[in-house]
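Coordinate-derived values only; no laboratory data. A quick note: this is a predicted structure, and the numbers were derived from the prediction, not measured. Here Cβ is always computed from backbone atoms with ideal geometry, including for glycine, and neighbour counts include all displayed protein chains.
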Amino acid sequence: MEKTHYYAKAFSQYKLLFVTFCIASLPPFSSSSSSSLSFDFYAGSCPSAEMMVKNTVRSAADMDPTIPGKLLRLFFHDCFIEVIIYIYIHIYIVLFSYSQHFCLGCDASVLLQGNGTERSDPANRSLGGFSVIDSAKRVLEIFCPGTVSCADILALAARDAVEYTGGPNIQIPTGRKDGRTSMAANVRPNIIDTSFTLDQMAKIFSDKGLSMDDLVTLSGAHTIGAAHCNSFNDRFKLDSNGNLTLIDSSLDRQYAAQLTKMCPATANDDSVTVNNDPGTPLVFDNQYYKILLDHKGLFQSDSALLNDERTKNRVLQFSNDQDSFFESWSVSFLKLSSIEVKTDDQGEIRQSCSISNR
């Protein structure tokens, strides 16, 4: 019994060390290491890779101005989802086996199709932008077959979506490999729900090595894009006489009245969407933080940033200084795009982004 207790305690310590490693060991950006991301990763193998992705994003966004917001959201949902790693501990005899959801990663697992994949989960069914990634992949496979990963394409496309809509031009390292695993069960515990409190959001961000400042900054992605009515219509209600009742008192009453007209109670059509930013919905700017000050944040999770002293000052700063927001965005996006990426033999280069090579 004492020996079993000893091994269990040792395993517990091992698990803690493993989790710490997975969360904290972001790969360095040194171009001298073939096992890490680098800013010139494709310089020799596919010099025009980034330009091909950028041109694909531009062409798609020219035809459909909602594409940039969809690409940015798609990238968030990819990076925030866990990958299952199975650990088997053998000590003389197999005392036990253990599995846990440890490592996270921007590994294009959200792009994989099939029953039980992340993409099939109801929380991800409203995601868009897949066709843009597929288009970029087809072009790259013609000129640089088997070279550029879907994970890199998605990261670059999200980066380019921000620049296309007026945001900062950011340099991000490449060299990611594509994950082979995608499970719907990993989606719900890892994505931000629009009704979350600040503490709930901060916990998920912290689990991914992101700070409270990253939370405020990356929430600025809501300056572009749109949302379905069911993601915010629980903040208010209309009675049978058409009288408005605010369930969330942090929401501006007049804005809530406008939302009830855009999202009537009888509308169950998923095609009905509302712009996150009612002022400049197609421009990546600091307008998002200004509407928070007017209590017109679309989601309850948006309003939480203004209602908490831990984040309020940053909201005020970004609302008054777009350059400050852009500078912080560049730093936080780089951190987001580097969450536990896979390199070398940790993943693969998919031939098609929706199907694993296996």
Over all viewing directions the Cα convex hull of the range 199-358 casts an average projected area in nm² of 12.2
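State which entries of K54/K177; K208/K296; K137/K203; K54/K312; K261/K290; K177/K312 exceed 26 angstrom in Cα-Cα distance in the structure shown. Walk me through the numbers on the way to the answer.
On the way: K54/K177 19 Å; K208/K296 28 Å; K137/K203 34 Å; K54/K312 35 Å; K261/K290 23 Å; K177/K312 38 Å.
Over 26 Å Cα-Cα: K208/K296; K137/K203; K54/K312; K177/K312.
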Taking every alpha carbon pair in the range 153-219 and sorting the distances into 5 angstrom bins from 0 up to the bin holding the longest one, the percent per bin comes out as 3, 13, 17, 17, 23, 20, 7, 0
Distance in Å, no decimals, from the C-alpha centre of the range 316-346 to the one of the range 32-82 is 14
Computed for the range 165-255: size of charge dipole around the Cα centre, +1 on C-beta of each Lys and Arg, -1 on C-beta of each Asp and Glu, debye to nearest 20, value 360
Per the charge dipole of the range 256-313 (beta-carbon charges, Lys/Arg positive, Asp/Glu negative, Cα centre), the residue among P278, T260, L292 reaching farthest to the positive end is L292
Expected sort for 209-221, 43-55 on mean C-beta neighbours within 10 Å, highest first, is 209-221, 43-55
Across all Cα atoms of the range 247-290, Rg and the largest Cα-Cα distance (Dmax), in Å, are 12.3, 34
Charge dipole of the range 124-267 built from unit charges on the beta carbon (Lys, Arg +1; Asp, Glu -1), centred at mean Cα; most positive-end Cα among S206, P145, L238 is P145
